[in-house]
Amino acid sequence: MGNSGGSLTTRSTGELHQLMRAAGFTDIEDTEASADGWQVTDFADAGRRSLANLVQQTGTPAIMVSFLDSDVGFIEALSPDGNSWEGLLNRDMAKSYEIPLEHFPIEPAVAGALAWSAAAGLTPDEEAIRQTFTRSAVFAEELSSALRVALGLPGAT
C-alpha cells in the first residue's frame, strides 16, 4: 500500500507551479488549463498546510485530492474565507483498506461541496456530487474527474 500522489484544482492568474512549490507541494507535473482560469495539476506530495498556504497566496478556492494507490481519494477543499470540507472517494475500496468510513460522512461532504462551489462562483449539481461520494470506480481518479464536473468547474471532463 502506497500513496500515488494527488491532484489540485484551483483558479490562478499567476504561475501555478511556482505558487505550489512555495506552498509545499512537490514533484509538480503539467497543468491542465480549463476555462475561466481554472487549472488542474498533479503532484507527488503535499505538506500538512500546503492547501491552506496556496489558498492564502492565490486568494481563490482550491480542492485537493490525495490518492491512495489510485484506489481511494481523500478530498480536502478550502475557500479564502476559511470554509473547508473533506470527503472520501471510492468508499467500497476505502472499506477494504479498513479506512473508518464514519470519519467521512456523506451529507456534510455534500453540503461542504455545494457551499465551496457557490463560493467559487460555480453552479454545482447536488445529485451528481452525492453520487461521486457513493459510487465506485476502478480508479479513484475517475471519481475525482466526476467530482470536478459535479462541482460545475468549467471545461471539466
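Output the residues belonging to region 80-96 that are at pLDDT 95 or above, of a type outside the set (A, V, I, L, M, F, W, C) and open to solvent by less than 70 Å² (accessible area, probe 1.4 Å). Result: GLY87, ASN90, ARG91. Here TRP38 fits the description: at pLDDT below 95 and open to solvent by less than 30 Å² (accessible area, probe 1.4 Å). Only residues that are basic (Lys, Arg) and more than 20 Å from ARG148 (Cα to Cα) were counted across region 1-36, and they come to 1. Scanning region 1-18 for residues that are open to solvent by 30 Å² or more (accessible area, probe 1.4 Å) and either at pLDDT 95 or above or under 13 Å from the mean Cα position of the chain (by Cα) (or both) yields a single hit, ARG11.
When each of SER136, SER79, SER117, SER144 is tested for being among the small types (Gly, Ala, Ser) and closer than 21 Å to ASP30 by Cα, the lone residue that passes is SER144. Within region 114-134, restricting attention to residues that are free of Cβ contacts under 8 Å to residues at least 24 places away in the same chain and either over 13 Å from LEU88 (Cα atoms) or of a type in the set (D, E, K, R) (or both), the residue that is least open to solvent (accessible area, probe 1.4 Å) is ALA128. Among the residues of region 69-79, are any touching a residue at least 40 places away in the same chain (Cβ under 8 Å), among the β-branched types (Val, Ile, Thr) and closer than 19 Å to GLN39 by Cβ? Yes, region 69-79 has at least one match.
The values are calculated or read from the model by the stated rules, or taken from the named source; none is laboratory data. Keep in mind that what you see is a predicted model, and the values were worked out from it rather than measured. Here the Cβ is made from the backbone with ideal geometry for all residues, glycine too, and neighbour counts use every protein chain on show. Quick note on the areas: whole protein, heavy atoms, side chains included, nothing else; ligands and nucleic acids left out. Shrake-Rupley method; radii C 1.70, N 1.55, O 1.52, S 1.80 Å.
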